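A.B. asks: Would you mind keeping the following structure in view while I ask a few things?
FYI, it's all coordinate maths here, none of it is from the lab. Computed from a prediction, not measured in an experiment: that's the story for all the values here. Ideal geometry is used to build each Cβ from the backbone, glycine not excepted, and the neighbour counts take in all protein chains shown.
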Amino acid sequence: MLLACWGALGQTRDFLTLSGKVTDSQTGESLAFVSVNLKGTNISIVTNSEGVFSLKVPGTTGADARVSISSIGYLTAEYAVNDFLQLPEDRMLSVHLLPVVMRLDPAVVRSVDPKVLFSTAYARVRWNYPSKAVGMTAFYREMIRKGTTKYLVLNEAVVDIEKASYSGYANDKAAIYKGRGSINYDVTDTLFVQFQGGITAALDLDMVKSPFVGTTLQAATHFYDFSLDGIETLDGKTCYVVGFRPKEGAQPFLFIGKMFIETESFAIARMEFSMDLKGREEAAAGEFIIRRPADRRFTVEHADYSVNFKEYDGLWYFEYSRVDINFTARKRRSLFRTSYTVTGEMAVTDHKKGDFKVVSDERVRMRDILSNRVAAFTDEDFWEGYNVIEPDQSIDQAIRRIIRQLRRREEN
């Protein structure tokens, strides 16, 4: 739907194409995800990564009709359709937006366009997040529970991460430093559940670096409706809360959620989202379950996700992610269902100094099952007195129990 058309104007019997390029008037830098709208209509588009847009409008649009070009942090610019029509066919309109200092005024918060907030947050990723790879240490824990109280699988690991730059396309890499786990075969019955790719999935929840949930950034406004749900304080910072949900009739297996966008930098500080499963609970099982017994039917009850970022010295870093997937299994021709919940969460404990690389041979991959790998990284001395995995303990408490070991390792 978004075309980088270098002609200023294309015309058929049915529509006109109005093209332009948007830049910052002070720095000259191209501005991505700027909202371009034919005023008085719902015809709109956003600029691409080079600041270019091509807006198709009806051929009957008058020359005096107005096109609004807006982005958070800049004064809105308006042009007449005639401004585009007067350009040679091999030229596009040059739009220079003037930056302004914004002050949060609760009295006018409701007038902010949530789609513009969404677009601005992603347009500012290159300024708000690291442009170089960052080494991190993280604590990862995953649990598989049958019913509400019986734990089938418990795994914990200290993980080294090579967090890729937000300005490139490289993938994040992770390797296990220490790990341990347990499996309770006594409660498995005839069905044994394993979680594949948990560590990799935890990093893939970085929705600032990864494509927007279920689609691409460019297509997000075509598949999702956005709403401004007020402002909240998160970790001492004031944030716009931008809700999103699939448009009526959109493709299946999109998500319902909200973004917390910091009001000064427009950095994404947190995202919470759940798969829209309404009426698709059984079909969704095919999205999650890789191998299954032929005599069982599965239904996904909910799939919930969250990811947090934290600001250090003016840049925002991946800090925490969590996934919770609940599904039921039922034998064919049986009335009884068994519920299972799979949980994985990762919390960053430290940033490494200098350059850090994960060796390819040590890297964990999406096909890996942690239960099959932790035995190779077991070290009872590392865990010291903390020799039992406590699933009901918060991940923060678990980290505090081993913080001395983690600090000693970084010092060495």
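A.B. asks: Full-extension gain between E29 and D186, please, as 0.36 nm times their residue separation minus the C-alpha to C-alpha distance.
C.D. replies: Answer, rounded to one decimal: 50.3 nm.
A.B. asks: For the stretch 64-209, report the convex hull volume of the alpha-carbon atoms normalised per residue, in Å³, without decimals.
C.D. replies: That works out to 243 Å³ per residue.
A.B. asks: So how strong a dipole does the stretch 134-411 carry about its Cα centre when Lys and Arg Cβ are +1 and Asp and Glu Cβ are -1, to the nearest 20 debye?
C.D. replies: That gives a dipole near 1080 debye.
A.B. asks: When a/c is below 1.5 the answer is rounded, else prolate if a/b is larger than b/c, else oblate, so apply that to the stretch 9-101 with a ≥ b ≥ c taken from the square roots of the Cα gyration tensor eigenvalues.
C.D. replies: Prolate is the answer for the stretch 9-101, as a/c is 1.5 or above and a/b outweighs b/c.
A.B. asks: Tilt of helix 395-411 relative to the longest C-alpha principal axis of the chain, in degrees (0 to 90, nearest 10)?
C.D. replies: That helix lies at roughly 90 degrees to the long axis.
A.B. asks: If the elastic network links every pair of Cα atoms under 10 Å, which of G236, G257, G344 fluctuates the most in the Gaussian network model of the chain?
C.D. replies: Evaluated over the chain, the most mobile residue of the options is G236.
A.B. asks: Gaussian network model of the chain, Cα springs within a sub-10 Å range: biggest mean-square fluctuation belongs to which of T41, T238, T328?
C.D. replies: Taking springs between Cα atoms under 10 Å, the residue moving most is T41.
A.B. asks: Between F212, F192, F318, find the one with the highest GNM mean-square fluctuation for the chain; connect C-alpha pairs within less than 10 Å.
C.D. replies: For the chain, modelled as a Gaussian network with Cα springs under 10 Å, the answer is F192.
A.B. asks: Taking square-rooted eigenvalues a ≥ b ≥ c of the alpha carbon gyration tensor, is the stretch 175-312 rounded, prolate or oblate, where a/c under 1.5 means rounded and, failing that, a/b exceeding b/c means prolate?
C.D. replies: oblate
A.B. asks: Quick one: compute the contact order of the chain, relative version, from alpha carbon pairs under 8 angstrom and 6+ residues apart, as a percent.
C.D. replies: 15 percent
A.B. asks: Rounded if a/c is under 1.5, else prolate if a/b beats b/c, else oblate: with a ≥ b ≥ c from the C-alpha gyration tensor eigenvalues square-rooted, which is the stretch 134-411?
C.D. replies: oblate
A.B. asks: Could you tell me which of the pairs K247/K278; K237/K353; K56/K115; K21/K115; K150/K173 are separated by over 25 angstrom between their Cα atoms in the structure shown?
C.D. replies: Beyond 25 Å: K237/K353; K150/K173.
A.B. asks: Moving on to the next point. Where the only charges are on Cβ atoms (+1 Lys, Arg; -1 Asp, Glu), what is the dipole of the stretch 237-313 about its Cα centre, to the nearest 20 debye?
C.D. replies: That gives the stretch 237-313 a dipole magnitude of about 260 debye.
A.B. asks: Compute the angle between helix 114-123 and the longest alpha-carbon principal axis of the chain, please, reported from 0 to 90 degrees and rounded to the nearest 10.
C.D. replies: 80 degrees
A.B. asks: Count charges around S165 for me, please; just the other residues with Cβ under 11 Å from its Cβ, Lys/Arg as +1, Asp/Glu as -1.
C.D. replies: +2
A.B. asks: To continue, here is another question. If you take every DSSP beta bridge fully contained in the chain, what fraction is antiparallel? Give it as a percent rounded to 5.
C.D. replies: 95 percent
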